[in-house]
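The structure under discussion appears below in the form of structure tokens.
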Amino acid sequence: MRLGISVELDYWFDAAADVLLQVEVAKTAEQVLERSELTVWSDHPIAAAVGEDGIGQRCWGRGEGQFRAQYEAEVRILRSDIDLTTLGATPPRLLPGALVPYLLPSRYCQSDRLEGFVDSEFAGLTGGALAQALVDWTAGALRYQMGASEGTTTALDTFASRRGVCRDYAHLVVALARAAEIPARCVAAYAPGVDPPDFHAVAELWLDGAWRLVDATGMGSAGEIAVVTAGRDATDIAFMTVWGLTRL
């Protein structure tokens with residue numbers, strides 16, 4: 001799968017503020033970046049910074065007045081779709097130390113509050129079969145609805161309301177997986193099935209010794225998703241973080 005990506009951001013800052021962008025496709029073994037160009041129109045210099053866990057690249061900028069950014073890329077996806085149900089479980093005690101944070105609750109993914117639900121609803125399932133069941137349950141239980149959530153909405157809020165956007169689907173899958181003792185993280189990505197085209201959020205689950213991409217919204221599949229970065233939740237993967245105020 002080869003994807004062409006085009007991003008345009010146009011914001012206004014009444015007062016100067018620092019900006020952290022995460023829009024560039026990551027270079028990984030599963031995706032070949034054939035072209036990548038980020039242009040930022042600003043009177044201030046920009047600087048690169050490594051993404052969370054070394055995945056992808058962030059860009060520091062400073063907004064003052066109009067702040068514009070344009071990103072163009074071509075990426076070839078080498079990742080294949082895989083049947084999760086064929087993958088085995090890894091006991092927490094055997095996981096690499098770097099994965100421990102992805103077993104624990106985080107700001108938007110309160111997995112400790114969902115352990116009882118997972119234990120009762122998915123009793124008897126383990127490993128990839130359990131992971132697939134969690135994704136399927138989320139896909140069936142939630143209704144995709146623009147405007148149904150906001151920046152402060154958590155996985156518990158989504159679990160209660162049963163609606164949201166891609167960010168909310170990803171948060172809930174991640175929280176449920178961690179509650180099931182499966183390391184999980186949120187991923188910022190591009191996917192051709194997103195309509196209207198926009199930044200996309202999916203989940204990534206650690207199964208059988210590797211990270212596996214899953215999209216409970218059904219808009220993308222592992223074989224066509226271009227990863228930007230990954231982290232504990234939306235805190236780590238936002239396409240734009242501003243230390244101040246701005247407007248689109």
Review point. Given the conditions (1) farther than 22 Å from Gly51 by Cβ; (2) open to solvent by 10 Å² or more (accessible area, probe 1.4 Å); (3) not in a loop (DSSP other than H, G, I, E, B), which single one is not true for Thr235?
Key: (1)
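Conditions (1) more than 18 Å from the chain's Cα centre (by Cα); (2) part of a helix (DSSP H, G or I), marked per residue:
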| residue | (1), (2) |
| --- | --- |
| Glu72 | yes, no |
| Ser80 | yes, no |
| Thr85 | yes, yes |
| Pro105 | no, no |
| Tyr108 | no, no |
| Asp112 | yes, yes |
| Leu125 | yes, no |
| Ala133 | yes, yes |
Exercise for review: Pick out the one residue from Ser42, Ser6 that is open to solvent by 20 Å² or more (accessible area, probe 1.4 Å), in contact (Cβ under 8 Å) with a residue 40 or more places away in the chain, farther than 22 Å from Ala230 by Cβ and of a type in the set (Ser, Thr, Tyr).
Suggested key: Ser6
**Study point:** When residues of the range 190-230 are limited to those that are touching a Cys at 6+ places or on another chain (Cβ under 6 Å) and in a strand (DSSP E or B), the one nearest to Leu130 (Cα to Cα)
**Key:** Ala201
**Study point:** Residues located in the range 238-248, provided they are open to solvent by 40 Å² or more (accessible area, probe 1.4 Å) and either in a loop (DSSP other than H, G, I, E, B) or in contact with a Leu (Cβ under 7 Å, 6 or more places away or on another chain) (or both)
**Key:** Phe239, Thr241, Gly244, Leu245, Thr246, Leu248
Practice item. Taking the residues in the range 142-169 that are out of contact with any helix residue (DSSP H, G or I) (no Cβ under 8 Å at 6 or more places or on another chain) and under 30 Å from Thr86 (Cα atoms) as candidates, determine which candidate is surrounded by the most Cβ atoms within 10 Å (Cβ to Cβ). Key: Cys166
Review point. If a residue has to be of a type in the set (Gly, Ala, Ser), under 19 Å from the mean Cα position of the chain (by Cα) and part of a strand (DSSP E or B) to count, how many in the range 7-42 make the cut?
Key: 0
Check your understanding: What number of residues in the range 185-224 are over 11 Å from the mean Cα position of the chain (by Cα) and of a type in the set (A, V, I, L, M, F, W, C)?
Key -> 10
Review point. Restricting the range 87-101 to residues that are in a loop (DSSP other than H, G, I, E, B) and either β-branched (Val, Ile, Thr) or in contact with a helix residue (DSSP H, G or I) (Cβ under 7 Å, 6 or more places away or on another chain) (or both), which is modelled with the highest pLDDT?
Key: Leu87
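The values are calculated or read from the model by the stated rules, or taken from the named source; none is laboratory data. Everything quoted here is computed from the prediction, not taken from an experiment. All Cβ positions, even for glycine, are placed from backbone atoms using ideal geometry, and neighbour counts span all protein chains on display. These accessible areas exclude ligands, DNA and RNA; they are computed on the full protein's heavy atoms, side chains included. Shrake-Rupley method; radii C 1.70, N 1.55, O 1.52, S 1.80 Å.
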